[in-house]
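Comments concern the structure below.
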Amino acid sequence: MLKLYGIKNCDTVKKARRWLENHGVDYQFHDFRQDGLDKKQLTAWVEKLGWESILNKRSTTWRSLSDEEKNISSNSQAIKLLLTNPTLIKRPIAQNSNVLLIGFKDVDYKNI
């Protein structure tokens with residue numbers, strides 16, 4: 001089963017959810033704010049994709065961080081920052097046993 005991670009009021013997450021529903025895809029939604037964020041899960045994502053592809057540097061949360069917080073030099077430092085500020089994670093993240101996608105693009109969702 002597909003699991004979709006994000007924040008329910010995010011416009012991109014809303015688009016992805018609407019697409020999945022319109023195409024009859026069975027999925028489970030995990031809201032970072034309500035359901036939390038698992039360190040083990042986040043670590044697996046970072047190891048597979050790299051923290052640079054997960055971290056949203058265009059978010060208002062990123063802009064509000066200090067220069068010291070923005071100076072990330074390791075996976076563990078990035079994971080700590082993302083656990084503290086889950087709104088820094090690019091959304092949505094779609095995952096099943098074969099695929100891990102960040103963001104929403106119609107063509108990518110057709111392939112899963």
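A few notes on this one:
- Residues (among the small types (Gly, Ala, Ser) and within 12 Å of the chain's Cα centre (by Cα)) located in region 51-80: 53
- Residue 69, sole failed condition from (1) within 22 Å of residue 1 (Cα to Cα); (2) in a helix (DSSP H, G or I); (3) without any contact (Cβ under 8 Å) to a residue 24 or more places away in the chain; (4) of a type outside the set (A, V, I, L, M, F, W, C): (1)
One line per residue, one yes/no per condition, for (1) assigned to a strand (DSSP E or B); (2) surrounded by 12 or more Cβ atoms within 10 Å (Cβ to Cβ):
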residue: 9; (1), (2): no, no
residue: 14; (1), (2): no, yes
residue: 17; (1), (2): no, yes
residue: 21; (1), (2): no, no
residue: 25; (1), (2): no, yes
residue: 29; (1), (2): yes, yes
residue: 41; (1), (2): no, yes
residue: 45; (1), (2): no, yes
residue: 48; (1), (2): no, no
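- Residues that are closer than 21 Å to residue 41 by Cβ and either among the β-branched types (Val, Ile, Thr) or under 16 Å from the mean Cα position of the chain (by Cα) (or both) within region 97-112 comprise 99, 100, 101, 102, 103, 104, 108, 109, 112, listed in sequence order.
- Single match in 59, 64 (criterion: in contact with a Ser or Thr (Cβ under 8 Å, 6 or more places away or on another chain) and not basic (Lys, Arg)): 59
- Per-region count, region 85-109, residues without any contact (Cβ under 8 Å) to a residue 24 or more places away in the chain, surrounded by fewer than 12 Cβ atoms within 10 Å (Cβ to Cβ) and not in a loop (DSSP other than H, G, I, E, B): 1
- Scanning region 89-100 for residues that are aliphatic (A, V, I, L, M) and closer than 17 Å to residue 11 by Cβ yields 89, 93, 94.
- Criterion: modelled with pLDDT of 95 or more, hydroxyl-bearing (Ser, Thr, Tyr), farther than 23 Å from residue 15 by Cα and surrounded by 12 or more Cβ atoms within 10 Å (Cβ to Cβ) - qualifying residue of 64, 76: 76
The values are calculated or read from the model by the stated rules, or taken from the named source; none is laboratory data. It should be emphasised that the depicted structure is a prediction, and the values quoted were computed from it without experimental measurement. Because the Cβ atoms are built from the backbone with ideal geometry, glycine has one as well, and the counts that use them run over all protein chains shown.
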